[in-house]
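Beneath this line is the structure, given in structure tokens, with notes to follow.
Since every read-out is calculated from the coordinates, none of them should be taken as a lab result. As the structure is a computational prediction, the values presented were derived from the model and not from experiment. Positions of Cβ are generated from backbone atoms using ideal geometry, with glycine treated the same way; all protein chains shown enter the neighbour counts.
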């Protein structure tokens, strides 16, 4: 899966949100898009997801231009977007079922992914009955069950407490190492970006301010010296 | 991966089952308690009207006691008039309501889907909606005669508008993020309608049905008062013409009971279909 953004621009009411973005993302890469709120990072995710269309330029997936949302590009939203009228299991089978996989196989797929996020016991609960962290886990399982080539994550851990965030980061890395899906992860948290990504793309005022490869071996530790250096480097880019 | 150390389910199941047992033992008491006001109402009515018959304070024909009404009701059942009327009224109100709901929901979905149809249909519907349906009944009778058709159309018409406006309102408030999720999971437009929009809108549709039900019953009774040969509304008019006031009371009470049954059934359906919903005071605070 290769993603290419070619001269992408997007503005709202003559106010440019994204100015001329050129970017190439290779297959299996874990990308973090880092920036403060209003820098255009969510707009970029919505463009890649196909929810909105660029004013100028185009986005290609494996040479194919994006014209709308697709099952190839799964999305995990900031506020969990689970279907409240479906049980956890039915939420996760949603993808396979609408794609025409038969019910029994879909349940198998869903159970595999629920096991990955440690929620197989909660299959019959409704989303309302789960905590914030669990809902987000279901959101991840649901996106993965549709077998996307690219997983887009829009500040998925933003609303969670520090401890839940921490364990979800670890789990996400484990899942990514296993499935090797390409991931684009939006965040405003510098150390989260350094912990997760192969490559951090810093956005400022609608442009790419920095494209930094993170060369730390995994599993990464927050207290490593190199970790601190990278955080500092990114901080400088964001502050100046 | 261990989830339990991080998150715990909010409601301990043991406490819940305990609560259930307590509920069962008090359930019977509650059922009896629920009917005390209604039973008292009839007992008081009986006493007052019996006193009235003894002392002739006001014309006792105008205020028959419930016992006489019951006897009268039994006689009407035996002649077959009441049973026939209940059956024909029920069919009318049921068929009319179902047609009205279906038309309202389908049109709301179409309006929600197509901007063009919204542009053309909405102003016209907004113009027609506020007209009291009963004002149109004489027209319907002239157009369609005095058979079943004008009555059913009138009821459907009455039900149609509240269901339509509620459903449109619901469609407008479907969370966009849910539609986005469904699209990214590979759902087609049709699947989104069936699996996202319809369940989202269901609470609004059912609220529309609750509002409509009362209106449907008024439409039923009025349409039966004008040009009908059967039905509960017809019994009322007939009783007026022949001054059989206890028959009138029988019909009024039966209408009340029938409405309550319909409303109760709708509530059961609502509870069943919206079991996933949490909210309100009951879930906000434990007492």
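Restricting to Cα atoms and excluding each atom paired with itself, what does the Kirkwood estimate give for region A:64-154 in Å? Spell out each step's value before the answer.
Values: mean 1/r = 0.0766 Å⁻¹.
When all Cα pairs of region A:64-154 are included, the Kirkwood radius is 13.1 Å.
Taking other Cβ within 10 Å of each residue's Cβ, how do B:271, B:180 sort, fewest first?
On the way: B:271 11, B:180 19.
Listing B:271, B:180 from fewest to most nearby Cβ atoms yields B:271, B:180.
For helix B:13-55, what angle does its Cα long axis make with the longest principal axis of chain B, in degrees from 0 to 90 and rounded to 10?
20 degrees
What is the ratio of the Cα radius of gyration of region B:215-287 to 2.2 N^0.38 Å, with N the residue count, to two decimals?
That ratio works out to 1.66.
On a 0 to 90 degree scale, rounded to 10, what angle separates helix A:103-116 from the longest Cα axis of chain A?
So the inclination is approximately 60 degrees.
Quick check: from the Cα gyration tensor, does the protein assembly as shown come out rounded (a/c under 1.5), prolate or oblate?
It comes out prolate by the Cα gyration axes.
Alpha carbon centre of region B:113-142 versus region B:188-248: separation in Å?
18 Å
Distance between Cα centroids, region A:3-23 to region B:144-172: provide it in whole Å.
49 Å
Relative contact order, percent, of chain A when contacts are C-alpha pairs under 8 Å separated by at least 6 residues?
26 percent
Compute the relative contact order of chain B as a whole-number percentage, counting only Cα pairs closer than 8 Å that sit 6 or more residues apart in sequence. If you can, show how the numbers build up before the last one.
Numbers: 239 pairs, mean separation 58.5, N = 287.
Taking the mean separation of contacting Cα pairs over the length of chain B, I get 20 percent.
More than 24 Å apart: what percent of Cα pairs in region B:68-274 qualify?
Here the tail beyond 24 Å accounts for 50 percent of pairs.
If I model a spin label as a point 7 Å beyond the Cα along the Cα-Cβ vector, how far apart are those points for residue A:60 and residue A:4 in nm?
Placing both labels 7 Å beyond Cα along the Cβ direction yields 0.2 nm.
Taking the Cα atoms of chain A, report the difference between the largest and smallest coordinate on each principal axis, in whole Å and largest first.
Per principal axis, max minus min of the Cα coordinates gives 51, 43, 30 Å.
Roughly how far apart, in whole Å, are the Cα centres of region A:178-240 and region B:34-98?
Between the Cα centres of region A:178-240 and region B:34-98 lies a distance of 79 Å.
In degrees between 0 and 90, to the nearest 10, how far off the longest principal axis of chain B does helix B:245-273 point, with axes built from Cα atoms?
Rounded to the nearest ten degrees, it is 10.
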